[in-house]
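Read through the structure below, which is laid out as structure tokens, and then see the notes.
The values are calculated or read from the model by the stated rules, or taken from the named source; none is laboratory data. If you're wondering where the values come from, they're calculated on a predicted model, not measured in any experiment. Note that we place each Cβ from the backbone using ideal geometry, even for glycine, and neighbour counts take in every protein chain shown.
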Amino acid sequence: MTRPAKLELEAVNRMGKSEFVAALGGIFEHSPWVAETAWEQRPFSSGSELHERMMQVVLDSADETIIAFLRAHPDLGTRLKVTDYSASEQSGAGLDRLSPEEYGIFSALNREYVEKFGFPFILAVRGRNKEEILEAMKARVRNGIPEEREEALRQIGRITRFRLDDLLE
């Protein structure tokens, strides 16, 4: 993935809505509506404030919107086409180089997780390897639904914070 040019917060605050969404819409997986809604809350005094407001857009959404948002995330270790952000993150964790046996294990756990929770397993994989990710999947599939929904949103907060930090100067 080619990283977009770094953006200064001042420039982000001056962007029109379409430019803002084009620049920041991909931070939240297949959910440019988050950036579109957050744009209305400009100006932002820091990258932290921008991220907090974007996360609040998600958290303030209706339950069905949050479930659809969670479902927009890819399975980890999938062989399907994913966004550039996800491809880069999963590659960094070695998930693009799974053996056929590992792929089978990840696929089975992904299916079990989705059947139980109704959305894919979500984890900030940056700095983790495939063994750590597999252990997290095995542990979290035993969670209750409310607990796991909260954890998935917490992980999205971590993922999007990494992405935003990479984007801002």
Pairs please, first residue from the stretch 142-169 and assigned to a helix (DSSP H, G or I), second anywhere and among the aromatic types (F, W, Y), Cβ atoms under 7 Å, 6+ apart in sequence or on different chains. I145/F117; E148/F117; A152/F119; T160/F28; R163/Y85
Checking G118 against (1) in contact (Cβ under 8 Å) with a residue 40 or more places away in the chain; (2) farther than 19 Å from R71 by Cβ; (3) not hydrophobic (A, V, I, L, M, F, W, C), which single condition isn't satisfied? (2)
Count - residues of the stretch 44-56 that are surrounded by fewer than 19 Cβ atoms within 10 Å (Cβ to Cβ), part of a helix (DSSP H, G or I) and touching a residue at least 12 places away in the same chain (Cβ under 8 Å): 2
Over the stretch 25-46, the set of residues in contact with a helix residue (DSSP H, G or I) (Cβ under 6 Å, 6 or more places away or on another chain) and under 17 Å from R14 (Cα atoms) is G25, A35, E36, T37, A38, W39, Q41, R42, P43, F44
Within the stretch 73-96, is even one residue at pLDDT 85 or above and within 30 Å of A23 (Cα to Cα)? yes
From the option list A62, A5, single residue qualifying as surrounded by fewer than 15 Cβ atoms within 10 Å (Cβ to Cβ), closer than 26 Å to Y113 by Cα and more than 16 Å from the chain's Cα centre (by Cα) is A62
Looking at the stretch 28-43, which of its residues are part of a loop (DSSP other than H, G, I, E, B) and either without any contact (Cβ under 8 Å) to a residue 24 or more places away in the chain or within 17 Å of T65 (Cβ to Cβ) (or both)? F28, E29, H30, S31, E40, Q41
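Inside the stretch 21-43, can you point out the residues that are aromatic (F, W, Y) and surrounded by fewer than 20 Cβ atoms within 10 Å (Cβ to Cβ)?
W33
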State yes or no: is I105 touching a helix residue (DSSP H, G or I) at 6+ places or on another chain (Cβ under 8 Å), closer than 12 Å to L76 by Cα, modelled with pLDDT of 90 or more and surrounded by fewer than 19 Cβ atoms within 10 Å (Cβ to Cβ)? yes
